[in-house]
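*Asks:* Shown below is the structure under consideration.
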Amino acid sequence: MINSNKGESMMQKLPNRGISTLSATEYLILSLLQGNRGREMYGLEMVGKSDGKLKKGTVYVLLGRLEEKGFVKARQEEVSDTATPRRLYRLTGTGQKVFDAWSQVAALGALRGAVA
Amino acid sequence: MKNMKSHSDLQEQDHFDEKDAITTILMIAGGVSEQEARNRLEITLKEGSDAQRRELEHVLLQLRSALGRFPNTRQKRQAVVLATKMATTGGRWFHRVAPGSLMLGIARLLFSRRKVVRVFRPLVADYRLELALAWREGSLKAVCVKVQYWYAFSKACGLDVTLDLLGKIMKVCGL
């Protein structure tokens, strides 16, 4: 049986122990990229797959922030049907580690909720 | 009227692509025969200077994107409309501003180059793609897409400013 107080204190301590902070929508973007098995995705594709949780106006702002943090890597599309090439994103090694860490935190939170 | 006859021959084709469109434009706006227009196009693509080829390929890409807005059955007619407008306006109509240019202009004015590349250019690329697809479904759908993307753009501007401000406040507070 997990002590709920211990779980709570871990949750509070984790961000201060070096794990980067991640908002719910940033986590959602990382999970979409993770679920895509290494294949690159573009913003509009993520908006479509998020069931309305991601908006067109916020997705590129969040992707820009994740890129600055080094969690995702972007490159310009080489061949495009449109005059403006799109930007393709994939998860980096650091992004993968952060996603795994936050998945564990989320699982711990869910377990704590189930126990309580 | 020789040109118009050739043009009607062109309309009988089943497959109509951007090369056919540029041939139509050369025929109507440039006043040359279909064969001559095709020859000029092929010669420029094969033997033209790098700058000429690049320019022509860019025009072909723009034409492909512009024609993509319309269903196959209307593409030929649109090429004729385009060519007629070019012939009457001296090409000014063709060089009209691409959709999303105003958004990019505003973003360039307000944000750093890096932000424009990372946030606004991909947004405008999506906008152009969705708008091109929406034109196929009708002008009402296209207006909806325009409204959606202007809202998205304003949100991206606002959110960007707010997040940056929050980040600076957090830094100042040592969080």
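Here, each number is a calculation from the coordinates, and none is a lab measurement. All of these numbers come straight from a predicted model, not from anything done at the bench. Don't worry about glycine lacking a Cβ; one is built from the backbone with ideal geometry, like all the others, and counts go over all protein chains shown.
*Asks:* Pairs of alpha-carbon atoms within less than 8 angstrom and 6+ residues apart define the contacts here; what relative contact order does the stretch B:101-172 have, in percent? Before the final figure, lay out each step's value.
*Replies:* Details: 27 pairs, mean separation 19.7, N = 72.
In percent, rounded to a whole number, it is 27.
*Asks:* If I model a spin label as a point 7 Å beyond the Cα along the Cα-Cβ vector, how far apart are those points for B:Val147 and B:Asn72 in nm?
*Replies:* 3.3
*Asks:* Hey, can you grab everything whose amide H is under 5 Å from the amide H of A:Val72? Only 5+ residues off in sequence or another chain; H modelled, so Pro and N-termini drop out.
*Replies:* Hits under the 5 Å cutoff: A:Glu67, A:Thr92.
*Asks:* Okay, moving on. Between B:Lys155 and A:Glu78, how high is the FRET efficiency from 1/(1 + (r/R0)^6) when r is the Cβ-Cβ distance and R₀ = 22 Å? Nearest 0.05. Display every interim value, and only then the final one.
*Replies:* Details: r = 29 Å, r/R0 = 1.33.
E between B:Lys155 and A:Glu78, to the nearest 0.05, is 0.15.
*Asks:* For B:Ser33 and A:Arg39, FRET efficiency with R0 = 45 Å and r from the beta-carbon atoms, rounded to 0.05?
*Replies:* Working: r = 49 Å, r/R0 = 1.08.
Here the calculated transfer efficiency is 0.40.
*Asks:* Could I ask something else about it? Give me the distance in nm between label points sitting 7 Å out from Cα along the Cα-to-Cβ direction at B:Arg113 and B:Thr84, one decimal.
*Replies:* With each label placed 7 Å out from Cα toward Cβ, I get 4.5 nm.
*Asks:* Taking a 24 Å limit on the Cα-Cα distance, which of the listed pairs A:Lys56/A:Lys97; A:Lys69/A:Lys97; A:Lys53/B:Lys168; A:Lys53/B:Lys146 fall beyond it? Please report the intermediate quantities before stating the final value.
*Replies:* Details: A:Lys56/A:Lys97 27 Å; A:Lys69/A:Lys97 13 Å; A:Lys53/B:Lys168 27 Å; A:Lys53/B:Lys146 21 Å.
Where the Cα-Cα span goes over 24 Å, the pairs concerned are A:Lys56/A:Lys97; A:Lys53/B:Lys168.
*Asks:* With the Cα gyration tensor of the stretch A:22-115 giving a ≥ b ≥ c as the square roots of its eigenvalues, does the rule (a/c under 1.5 for rounded; else a/b larger than b/c for prolate; else oblate) give rounded, prolate or oblate? Numbers along the way, then the final one.
*Replies:* Details: a/c = 2.44, a/b = 1.89, b/c = 1.29.
Because a/c hits 1.5 or more and a/b exceeds b/c, the stretch A:22-115 counts as prolate.
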